[in-house]
Amino acid sequence: MSNLKEILINKKICKSVWFMRQAGRYLPEFRKIRSQNQNFINLCLNSELSSKITLQPIERFNLDSAIIFSDILMVPYALNQKVEFLKNHGPKLEIFNLDKFLKNNDLDFIKKLKPVYKAIEITRKKLSKNKSLISFIGAPWTLLVYMIGAKQNKDQIDLKIINEKNNEIDLILEKLINYLCLHIENQIKAGADVVQIFDSWAGLIPQKDLNSFCYVPNSKIVKFCKKKGIPVICFPKGIKENYKVFNNLVKPDGLNIDYNVNPNWARENLKGTVIQGGLDPKILLLPDEEIYNSARNYLDAFKGLPYVFNLGHGMLPETNPDKVDRLIKFYREY
Ligand code: CP3
């Protein structure tokens with residue numbers, strides 16, 4: 001069994017490190033492939049290249065887990081909503097149409113995502129047995145924000161758009177939950193052994209809606225995973241002290257904390273789950289000593305507990321890979 005699974009399932013105290021967004025933007029070997037593949041969706045659909053990119057950070061840093069190179073927006077793509085990634089602009093989705101969305105069916109959905117499952121199969125064969133292959137999905141709310149075009153800029157959503165669609169939202173979330181469970185099941189069948197749920201925009205949900213937009217959808221997916229024996233890590237980014245409510249209601253095997261969650265608070269308040277991550281990715285842009293001091297903060301806080309070393313959000317594109325290498329060495333020697 002991989003050390004990540006040992007930690008998540010058996011709550012074993014052992015070392016395990018991987019980084020969110022470890023494959024991609026900051027690696028020169030990725031940028032080279034990317035420059036020859038202008039269409040990002042097509043790159044994600046190229047199983048051989050996707051597998052190759054997945055393994056790049058493993059070859060470079062010998063991390064304990066690989067995360068499959070894909071994107072959370074492959075799900076709207078597979079639900080027949082056009083997705084484009086424009087240079088310096090981020091993702092751009094075709095205008096949402098409820099009737100069109102409701103016409104989707106399971107078989108076509110799976111068929112469109114076959115290349116992702118194939119990439120997982122190829123990668124599992126190449127990855128050593130003691131390493132985990134992590135699959136992932138975007139949480140229903142985070143996908144909905146992109147799908148209905150509610151994302152305004154970096155840290156804001158247009159609540160007007162959410163309110164206008166209020167009577168459709170529950171239906172969209174419910175349908176998404178079904179498709180996402182299907183996507184998880186197929187990724188696991190293909191050879192992934194853990195799933196992480198990215199709720200990147202959970203922190204933008206008004207307090208009164210947290211239950212229906214965040215806790216309930218995540219709970220339903222976690223229940224599905226538990227029923228199937230799939231280890232699941234949740235990442236409800238930005239919900240501050242509500243991490244405690246989330247943990248008590250959703251009860252995932254693992255919980256990734258973001259960089260605004262104090263690790264000592266997390267140790268005291270987030271019991272019964274394996275904590276993962278926390279380190280601010282911006283720290284990796286600072287001198288080495290500051291990186292080590294910050295990492296030590298997390299390692300000291302979770303000493304004697306099962307803890308997965310990781311970041312509090314994705315690796316930044318401007319990160320120097322040599323610093324990542326030295327951080328991993330520091331962690332392994334700690
Ligand atoms: O290394 C890995 O973690 C595996 C692959 C992965 C990608 N995206 C590849 C990617 C994963 C796990 C994701 C998750 C993802 N995608 C999230 C959740 C995590 C988070 O960061 O909050 C979100 C919100 C997305 C949506 C998305 N995809 C955006 C907003 C963008 C554009 C801006 C950006 O982050 O780069 C993407 C594109 C994307 N997804 C790239 C990569 C490597 C960059 C593509 C490029 O080279 O232009």
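Table: residues versus (1) without any contact (Cβ under 8 Å) to a residue 60 or more places away in the chain; (2) in contact with a Leu (Cβ under 7 Å, 6 or more places away or on another chain); (3) not hydroxyl-bearing (Ser, Thr, Tyr).
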{"position": "148", "(1), (2), (3)": "yes, no, yes"}
{"position": "174", "(1), (2), (3)": "yes, no, yes"}
{"position": "182", "(1), (2), (3)": "no, no, yes"}
{"position": "185", "(1), (2), (3)": "yes, no, yes"}
{"position": "191", "(1), (2), (3)": "no, yes, yes"}
{"position": "199", "(1), (2), (3)": "no, no, yes"}
{"position": "225", "(1), (2), (3)": "yes, no, yes"}
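Selection of first residues in region 44-66 that are closer than 23 Å to residue 7 by Cβ and of second residues that are within 11 Å of the ligand (Cβ to nearest atom) and open to solvent by 60 Å² or more (accessible area, probe 1.4 Å), restricted to Cβ pairs under 8 Å at least 6 apart or on distinct chains, gives an empty result. Selection of region 134-155 for residues being assigned to a loop (DSSP other than H, G, I, E, B) and within 10 Å of the ligand (Cβ to nearest atom) yields 139, 154.
Given the criteria open to solvent by less than 70 Å² (accessible area, probe 1.4 Å), over 17 Å from the mean Cα position of the chain (by Cα) and among the hydrophobic types (A, V, I, L, M, F, W, C), does residue 66 qualify? Here the answer is no, as residue 66 does not meet what is asked. Of the residues making up region 156-214, just one is aromatic (Phe, Trp, Tyr) and assigned to a strand (DSSP E or B), namely 198. If a residue has to be without any contact (Cβ under 8 Å) to a residue 40 or more places away in the chain and crowded, with 23+ Cβ neighbours inside 10 Å to count, how many in region 267-286 make the cut? Looking only at that region, the number is 3. Being open to solvent by 30 Å² or more (accessible area, probe 1.4 Å), in a helix (DSSP H, G or I) and within 16 Å of the ligand (Cβ to nearest atom) is a property that does not hold for residue 125.
Being open to solvent by 50 Å² or more (accessible area, probe 1.4 Å), near the ligand (Cβ under 8 Å from one of its atoms) and of a type outside the set (D, E, K, R) is a condition met by at least one residue of region 76-89. Counting only residues that are surrounded by 15 or more Cβ atoms within 10 Å (Cβ to Cβ) and under 12 Å from residue 63 (Cα atoms), which one in region 309-331 is nearest to the ligand (Cβ to nearest atom)? Out of the qualifying residues, it is 310.
The values are calculated or read from the model by the stated rules, or taken from the named source; none is laboratory data. From a predicted model like this one, the values you see are computed outputs, not experimental measurements. As a convention, Cβ positions derive from the backbone with ideal geometry for all residues, glycine included, and neighbour counts pool all protein chains shown. Remember, those area values only see protein heavy atoms, side chains included, never the ligands or the DNA or RNA. Shrake-Rupley method; radii C 1.70, N 1.55, O 1.52, S 1.80 Å.
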